[in-house]
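Asker: Below is a structure I'd like to ask you about.
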2 protein chains.
Amino acid sequence: MKTVDFYFDFSSTNSYFAAFLLPEICVRHAARVRWLPLHLAALFRDTGFDVMAMPKPKARYLWRDHQRYAEWTGLPFRKPSRFPIKTATALRSVLAAARMSAGGEADFAQAVFRAYWEHDRNIAERSVLAEEATRVGLDAEALLARSDDPSVREELATVTARAAERGVFGAPTFFIDEEMFWGKDRLDFVERQLARASGDEAFPVHSKMER
Amino acid sequence: MKTVDFYFDFSSTNSYFAAFLLPEICVRHAARVRWLPLHLAALFRDTGFDVMAMPKPKARYLWRDHQRYAEWTGLPFRKPSRFPIKTATALRSVLAAARMSAGGEADFAQAVFRAYWEHDRNIAERSVLAEEATRVGLDAEALLARSDDPSVREELATVTARAAERGVFGAPTFFIDEEMFWGKDRLDFVERQLARASGDEAFPVHSKMER
C-alpha cells in the first residue's frame, strides 16, 4: 500500500483544501495519508520567508482565487477574521491525537481545519481545540494535557526539521517515496503518481501536445 | 467572440508553458488570445519582488516541477543555461511584430519562447531575435528597427503600467473581461470560464465534493 506524506499547517489555506481533497484521492488509489503537522512559522523563521511581506495585489488576488477554488470544489471555505494565527498548540494536538487513537489524527485535523477555515473559530485557543477533540470522539482533557508533553513538543520540532531536510519550504507538501509535490495545485500530479505506482492503466498519465 | 488577455514575459517559465497551452484552449472555445508583453523586471522593480531571493530548496523544487510538467504536456522544455535573462528587446519586438502583421505577434512570441526554453538560445541578442523573426516570415531588419521606435518603447511601458493597475503581480496572468487568473495552474479555470461564457454545457464547470 502506497503512503502519501502530507505536510500541513492550519495557517495555510491551501493545506485546508488539500486536507479534504487528498484523502479522496488516496481512497481512489488504495493509498494512505500520513498526517504530518508542520510548524510553518518555525520553518519560515529559518528560511527568512515572511508571509506578510506579500505585495497587496497578490494578497487580494489570492483570496479571490481561494473563493473560486472553494466554489469549484464545493468546500464551504470562508476567509477567517484572524489571519495569520498561531498554530503550535493545534499542531501538537494532532500529534497527541495520533498517540491516543489510530486514525484519530485524521479526523481531528480535519475538524480543526473546518473550525478555522469554515467556521471562523479561534484555533489558537485551547477551549476551541477541546471542543473539536470532543466532536471527533477524543478525550479533550487528555489530548490537551498530552499536547504539552515535552516529547510531543520535540516531535513537532523533529517533523518540521526533517521536512526542511527533505526540501520542504511551504505547505501543503506531499511526498510519495522521495518524490515531492508542493501545493494543492499538484494534487493531480500526486494522483497520477499513485495511478502509475499501482499500474492503473485506466488513469491518463499524460496528454501529449501535438507540435 | 471572447478574448483572453495574456500577460507574459519570456523570462517566465510558466509563461512558456502557457504560451502553448492557452492557444489550444482558446481554439476549443472559439476565443482569441490577446498577446500582451509584460516587462516583469520593471513590474518587480516597483513591487520590490526579487526573483533571485527565492530560498534554494524552492528554486531546486521548481526546476523539478517544470520538468514533470514538461513530461506531462509533452512540451520539450529544457532548463536554459542563462537565467534570468534580459527580455526588454524581445518584448518590444513582439509589439513591433503585431504592428507589421496581424497575428504575427503570436507566431513570433511562440518562436522566441521556443528559442529560449527549448533551444537555450540567448534571446537578449538582437541576432537571435532576427533569426526567429525570419523563421516566422517577418522582415527581421524592419522588425528590429521598429522595436527601437520610441512609440514601441512607450507601448511596453504602458502595457506594463496598465497591467499593474489591473492587479497583475506576476506572469503568466490571464484576464477574461476583468476576471483575473494567475499562473499556468489556473488554465483549467480559464477554460471553465470560457466554457461557462459560451454556455457549453458539455464542459464540467464544477465537481462538488460530498461532505
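Asker: Condition test on A:H66, is it within 14 Å of chain B (Cβ to nearest Cβ), within 18 Å of the chain's Cα centre (by Cα), surrounded by fewer than 17 Cβ atoms within 10 Å (Cβ to Cβ) and modelled with pLDDT of 95 or more? Give the steps one after another, and end with the answer.
Answerer: Values: within 14 Å of chain B (Cβ to nearest Cβ): yes; within 18 Å of the chain's Cα centre (by Cα): yes; surrounded by fewer than 17 Cβ atoms within 10 Å (Cβ to Cβ): no; modelled with pLDDT of 95 or more: yes.
No.
Asker: Let me ask something else. B:F77 passes all but one of (1) over 18 Å from the mean Cα position of the chain (by Cα); (2) not in a helix (DSSP H, G or I); which number fails?
Answerer: So B:F77 meets the others, but not (1).
Asker: Another question, if that's okay. Among the numbered criteria (1) in a strand (DSSP E or B); (2) exposed (fewer than 15 other Cβ atoms within 10 Å of the Cβ), which single criterion is violated by A:A161?
Answerer: For A:A161, the failing item is (1).
Asker: Follow-up question, since we're still on this one. Please give the number of the condition B:F20 fails out of (1) of a type in the set (F, W, Y); (2) touching a residue at least 40 places away in the same chain (Cβ under 8 Å); (3) more than 25 Å from B:L138 (Cβ to Cβ).
Answerer: (3)
Asker: Follow-up question, since we're still on this one. Scan region B:39-47 and tell me whether some residue there is surrounded by fewer than 19 Cβ atoms within 10 Å (Cβ to Cβ), at pLDDT below 95, more than 24 Å from B:L129 (Cβ to Cβ) and of a type outside the set (D, E, K, R).
Answerer: There is at least one residue in region B:39-47 that is surrounded by fewer than 19 Cβ atoms within 10 Å (Cβ to Cβ), at pLDDT below 95, more than 24 Å from B:L129 (Cβ to Cβ) and of a type outside the set (D, E, K, R).
Asker: Follow-up. From A:S93, A:S127, grab the single residue that is at pLDDT 95 or above, of a type in the set (S, T, Y) and under 16 Å from A:R153 (Cα atoms). Before the answer, list the steps.
Answerer: Details: A:S127 fails: under 16 Å from A:R153 (Cα atoms).
Matching residue, one of A:S93, A:S127: A:S93.
Asker: Something else now. Are any residues in region A:164-202 assigned to a helix (DSSP H, G or I), more than 9 Å from every other protein chain (Cβ to nearest Cβ), surrounded by fewer than 18 Cβ atoms within 10 Å (Cβ to Cβ) and in contact (Cβ under 8 Å) with a residue 40 or more places away in the chain, and if so, which ones?
Answerer: Within region A:164-202, A:A197 is the sole residue that qualifies.
Asker: Right, something else. Consider region B:81-132. How many of its residues are touching a Phe, Trp or Tyr at 6+ places or on another chain (Cβ under 8 Å) and part of a helix (DSSP H, G or I)?
Answerer: 15
Asker: So which of B:F77, B:F108, B:F83 is more than 14 Å from B:D9 (Cβ to Cβ) and more than 14 Å from every other protein chain (Cβ to nearest Cβ)? Lay out the reasoning, then the answer.
Answerer: Details: B:F77 fails: more than 14 Å from every other protein chain (Cβ to nearest Cβ); B:F83 fails: more than 14 Å from B:D9 (Cβ to Cβ).
Answer to the check: B:F108.
Asker: Can I ask one more? Hey, can you tell me all the residues within region A:12-45 that are aliphatic (A, V, I, L, M), more than 14 Å from chain B (Cβ to nearest Cβ) and not in a strand (DSSP E or B)?
Answerer: First pass over region A:12-45, keeping only residues aliphatic (A, V, I, L, M): A:18-19, A:21-22, A:25, A:27, A:30-31, A:33, A:36, A:38, A:40-43.
In the following step, the residues that additionally are more than 14 Å from chain B (Cβ to nearest Cβ) were identified as A:30-31, A:33, A:36, A:41-42.
Correct list: A:A30, A:A31, A:A41, A:A42.
Asker: Now a separate question. Any idea how many residues of region A:164-174 are closer than 19 Å to A:T13 by Cα, touching an Asp or Glu at 6+ places or on another chain (Cβ under 9 Å) and of a type outside the set (G, A, S)?
Answerer: Selection size over region A:164-174: 3.
Asker: Please find, within region A:112-130, the residue that is farthest from B:R192 (Cα to Cα) out of those that are crowded, with 19+ Cβ neighbours inside 10 Å and free of Cβ contacts under 8 Å to residues at least 60 places away in the same chain.
Answerer: Looking only at region A:112-130, we keep the residues that are crowded, with 19+ Cβ neighbours inside 10 Å, and these are A:112-117, A:121, A:123, A:129.
Filter once more, keeping what is free of Cβ contacts under 8 Å to residues at least 60 places away in the same chain: A:114-115, A:121, A:129.
Working: A:R114: 27, A:A115: 30, A:R121: 33, A:L129: 38 Å.
Of everything passing the filter in region A:112-130, A:L129 is farthest from B:R192 (Cα to Cα).
Asker: Ok, one more. Residues in region B:131-141: is at least one within 14 Å of another protein chain (Cβ to nearest Cβ) and either under 16 Å from B:P37 (Cα atoms) or touching a Ser or Thr at 6+ places or on another chain (Cβ under 8 Å) (or both)? Before the answer, list the steps.
Answerer: First, the residues of region B:131-141 that are within 14 Å of another protein chain (Cβ to nearest Cβ): none.
No, the conditions are met nowhere in region B:131-141.
Asker: Here are some conditions: (1) within 14 Å of another protein chain (Cβ to nearest Cβ); (2) within 27 Å of A:R68 (Cβ to Cβ). B:V159 meets all but one. Which one does it not meet?
Answerer: Against the list (1) within 14 Å of another protein chain (Cβ to nearest Cβ); (2) within 27 Å of A:R68 (Cβ to Cβ), B:V159 comes up short only on (1).
Asker: Can you tell me which residue within region B:69-105, out of those that are under 22 Å from B:A133 (Cα atoms) and free of Cβ contacts under 8 Å to residues at least 24 places away in the same chain, is surrounded by the fewest Cβ atoms within 10 Å (Cβ to Cβ)?
Answerer: Restricting to residues being under 22 Å from B:A133 (Cα atoms) and free of Cβ contacts under 8 Å to residues at least 24 places away in the same chain, the top hit is B:A102.
Asker: Still on this structure, please answer the following. Just to be sure before I move on: is B:Y61 in a helix (DSSP H, G or I), more than 27 Å from A:K56 (Cβ to Cβ) and within 13 Å of chain A (Cβ to nearest Cβ) in the structure I sent?
Answerer: Working: in a helix (DSSP H, G or I): yes; more than 27 Å from A:K56 (Cβ to Cβ): no; within 13 Å of chain A (Cβ to nearest Cβ): yes.
Considered against the rule, which asks whether it is in a helix (DSSP H, G or I), more than 27 Å from A:K56 (Cβ to Cβ) and within 13 Å of chain A (Cβ to nearest Cβ), B:Y61 comes out as no.
Asker: Scanning region B:133-158 for residues that are of a type outside the set (A, V, I, L, M) and not in a helix (DSSP H, G or I), which turns out surrounded by the fewest Cβ atoms within 10 Å (Cβ to Cβ)?
Answerer: Step one: filter region B:133-158 for residues of a type outside the set (A, V, I, L, M), giving B:134-135, B:137, B:139, B:141, B:146-151, B:153-155, B:158.
Narrowing the set further to residues that are not in a helix (DSSP H, G or I) leaves B:137, B:139, B:148-149.
On the way: B:G137: 10, B:D139: 14, B:D148: 13, B:D149: 14.
Per the criteria, the residue is B:G137.
The values are calculated or read from the model by the stated rules, or taken from the named source; none is laboratory data. Predicted model only: the values in this text are computed from it and were never measured. Neighbour counts are summed over all protein chains in view; Cβ atoms, including those assigned to glycine, are modelled from backbone coordinates with ideal geometry.
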